[in-house]
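The next block holds one structure in the form of structure tokens; read it before the comments.
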Amino acid sequence: MNTENTSEALRLSILGMRCAGCVSAVEGALAAVEGVTSVSVNFADHSAMVTGSADPDALTQAAKSAGYDAAIMEGLEDPSEQEAQELQRYRQLMKKAAVAGAFGALLMLTEQLGWLPDMGSATGQWVWPEIALVTLGIMIYSGWHFYSGAAKSLVLKQANMDTLIALGTGSAWIYSCIVIDYYGILPSLAKHAYFEAAVVILAFINLGTGLETMARGKTSSAIRKLIGLQPRTARVVRNGEEIDIPIEQVGLGETLRVRPGEKIAVDGVLLEGHSSVDESMLTGESLPVEKTVGTQVVAGTMNQSGSFLFTATRIGRDTALAQIIKSVRQAQSSKPDIARLADKISGVFVPVVVAISVLTFLIWYTFGPDPSLGYAFVTSMTVLVIACPCALGLATPISVMVAVGRAAQSGILIRNGDALQTAGKLTCLILDKTGTVTEGKPVVVSIESISDRDEDSVLQLAASIESGSEHPLAASILAAAEQKQLKLEKVTQFEAIAGFGVSAVCNGQRLLFGNKALMDAKDIKFTRYNNRLEKLSALGQTPMLLAVDETIVGIIAVADTIKKDSAAAVAQLNALGIRVIMVTGDNQITAHAIAKQAGITEVNAQILPQDKAQVVKALQQQGEIVGMVGDGINDAPALAQADVGLAIGTGTDVAIESADVVILQGSLLKVPEVIGLSKATVTNIKQNLVGAFFYNTISIPVAAGLLYPVFGVLLNPMIAGAAMAMSSLTVVTNANRLRWMKW
């Protein structure tokens, strides 16, 4: 372990947390460490995300001093190891539950059948102390983790779930022992031992915790699948030989071989060969992506058809896969506002419950019927057992974990919890044009011949002259010629005329290819084509004229076409009642043409990059909750200013770093999906919180004996233990519904 200070976020595994009350204790201990700027503890997966420049060893020591074991989690942990640990913990809890439950059931059965001797009898005087000792042994075996946790909390002057369970079951055992020792002087109605209650409560709580552990483990399945994408070995080419080495030994700049059916080990660029690669686990896109020399490949994706060589450009924690996992974990550990409220309530809940339990005891002891001591003990113990705030602590983080994991599997990275909560409240969405609504690269959309030449001949001449140009539009002309497999002619005297076009000589003929201004400057008549040129421009296309020996022979129009699903996405957003505005630096004609194709009615064109954030701010001042979707460096300020920034993952790293949500593929259809997921998640969280609050609000008064004066009903402590455990399991099960919900 490197103990040098770090400014990066550190993730700690925290052992010993058993309720929401533990969250505030761990957060307080870690926040007190020098250099820590923020702490977020996730009760759902027992981890903590710490940012700042604190010493990792100091962080783990602080957690241990607070009564919790901790370890720094580094790299891409082996998911099989994590699953094995969870399975081992589940089996331990089930074994403890089985032992306690079996003894408790045997004790209840023998009591009901009258097989146990009376405590006052000679036989009872030695049988019942033996039962007390066996019960104590089972309590130590099945509940030691609760008792040790309660002791640590007491030393630190804190209270948590362990405190409640230890007080409840411990007092049951002690009271029962008092009944044995003072059986002769106690009122007859008070002469009852609660040994079976103590062990059955532990059985139910261990059972509930075990089931919760298994259900909670499913919420991290997305992370485990992502980690599982990372292969353990890589085939590198060294000294002309191909050898398999552990993934950790791959260095930057190394040449790696990937064969059909193998996972790509690290990020890199193709050097030789071609293939199709399945990137569905990272992008959610099912169609394989063609890879040729010079294209990028990403760690964790699956090579399908061909074999190729590539050079490693990013390894270890720097790969796109590692960064995705880091982003997902940070989002799962972050807390939306609704979670912070639950944490604050949970932090004071346990001391309040202890106070209510004491008050319940005093009221029953003072005003209750005979035997008042027995009633006081049972009701106060039931209050302690039933009121554990586990469900309250799980309500938000478990839903966030499931939602963020589900989103990651769909190619959506949600980078913080607030964005997950806010996205469903958006009233206005700003869309950048280039690369967001459109493909972001110009393509040839029409070729017209104005002579006896055919369209292929016009394109061939245009591509031949553009072969020496570096202009972005030249690439689209050349790509169109390559697609038609046209053979380019050799040109001479090439000249690029900035802002106008290009000129060259081909087969003894003078060629000119460019805009109207070029033709005007060279005194070539084109006015008869003005109407056609204006129509093309009105469609958002860029028309270029081709002249051979001062005669116009063709028009080629180039445009940045809209993405095939942009119109469908805009229609879905409109159906959700969201105001959609396109903001672009492009000219009015092109902007409105693209907007019309996409179904967007509001357009702000010719907006400078630095002014995009001002547009967002102006809308926010009007009361709009604004989302911004973009992909370029010039979108970064607006993405940061927006209430929710959504970056198209095909864009720049700067835009992605400025965004709250990253869409790994270029589809705008993912934006309505984010909004739907947000609404579903917030609804799920509210269901969990209402259920948890309702459970505690109703159960505590019932446990305290509120129904007894009217109905003569008291809640059995064993039933209380089962209800407490099942409430947490209910919350986890409800959260897991998000894995299958459609929106």
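Here are some notes:
- In the stretch 642-667, the residues that are at pLDDT 90 or above and over 19 Å from the mean Cα position of the chain (by Cα): A642
- Residues in the stretch 619-651 that are open to solvent by 40 Å² or more (accessible area, probe 1.4 Å), of a type in the set (A, V, I, L, M) and over 12 Å from C428 (Cα atoms): I633, A640.
- Flag if V710 is free of Cβ contacts under 8 Å to residues at least 24 places away in the same chain and more than 19 Å from I201 (Cα to Cα): yes
- Some residue of the stretch 259-273 being acidic (D, E), open to solvent by 50 Å² or more (accessible area, probe 1.4 Å), in contact with a Phe, Trp or Tyr (Cβ under 7 Å, 6 or more places away or on another chain) and modelled with pLDDT of 90 or more: yes
- Residues (small (G, A, S), in contact (Cβ under 8 Å) with a residue 60 or more places away in the chain and either open to solvent by 20 Å² or more (accessible area, probe 1.4 Å) or not in a helix (DSSP H, G or I) (or both)) located in the stretch 128-181: A159, S171
- The stretch 424-444 residues that are within 15 Å of A618 (Cα to Cα), paired with ones that are part of a helix (DSSP H, G or I) and of a type in the set (K, R) (beta carbon under 9 Å, 6 or more apart): I430/K612
- Residues satisfying the stated conditions in the stretch 461-480, i.e. open to solvent by 20 Å² or more (accessible area, probe 1.4 Å) and either more than 41 Å from the chain's Cα centre (by Cα) or not aliphatic (A, V, I, L, M) (or both): S467, G468, S469, E470, H471, P472, L478
- Residues that are open to solvent by 30 Å² or more (accessible area, probe 1.4 Å) and either assigned to a strand (DSSP E or B) or out of contact with any Phe, Trp or Tyr (no Cβ under 8 Å at 6 or more places or on another chain) (or both) within the stretch 500-528 comprise F500, N507, G508, Q509, R510, K522, D523, K525, T527, R528, listed in sequence order.
- Test: residue in the stretch 595-602 that is out of contact with any Phe, Trp or Tyr (no Cβ under 8 Å at 6 or more places or on another chain), β-branched (V, I, T), at pLDDT 90 or above and open to solvent by 20 Å² or more (accessible area, probe 1.4 Å): yes
- Identity of the residue in the stretch 411-431, aliphatic (A, V, I, L, M) and part of a helix (DSSP H, G or I), that ends up nearest to A659 (Cα to Cα): A419
- Residue pairs whose Cβ atoms lie under 7 Å apart, separated by 6 or more positions or on different chains, with the first residue in the stretch 293-304 and farther than 10 Å from V277 by Cα and in contact (Cβ under 8 Å) with a residue 60 or more places away in the chain and the second open to solvent by 30 Å² or more (accessible area, probe 1.4 Å) and not in a loop (DSSP other than H, G, I, E, B), are G300/K263; G300/M281.
- S476 fulfils the conditions (1) in contact with a Pro (Cβ under 6 Å, 6 or more places away or on another chain); (2) modelled with pLDDT of 90 or more; (3) of a type in the set (G, A, S) except for a single criterion, (2).
- Within the stretch 313-361, tally of residues that are modelled with pLDDT of 70 or more and of a type in the set (D, E): 2
To keep it simple, each residue is scored yes or no on (1) open to solvent by 20 Å² or more (accessible area, probe 1.4 Å); (2) within 30 Å of V626 (Cβ to Cβ); (3) touching a His at 6+ places or on another chain (Cβ under 9 Å).
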position: L668; (1), (2), (3): no, yes, no
position: L677; (1), (2), (3): no, yes, no
position: I685; (1), (2), (3): no, yes, no
position: N688; (1), (2), (3): no, yes, no
position: A692; (1), (2), (3): no, no, no
position: Y695; (1), (2), (3): yes, no, no
position: A703; (1), (2), (3): no, no, no
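- When A408 is tested against (1) over 30 Å from S327 (Cα atoms); (2) assigned to a helix (DSSP H, G or I); (3) open to solvent by less than 50 Å² (accessible area, probe 1.4 Å), just one condition goes unmet, and that condition is (1).
The values are calculated or read from the model by the stated rules, or taken from the named source; none is laboratory data. Predicted, not measured: the structure shown is a model, and the values here were computed from it. Virtual Cβ from ideal backbone geometry, glycine too; neighbours counted across all protein chains shown. Please note that ligands, DNA and RNA were not included when accessible areas were found on the heavy atoms of the full protein model with its side chains. Shrake-Rupley method; radii C 1.70, N 1.55, O 1.52, S 1.80 Å.
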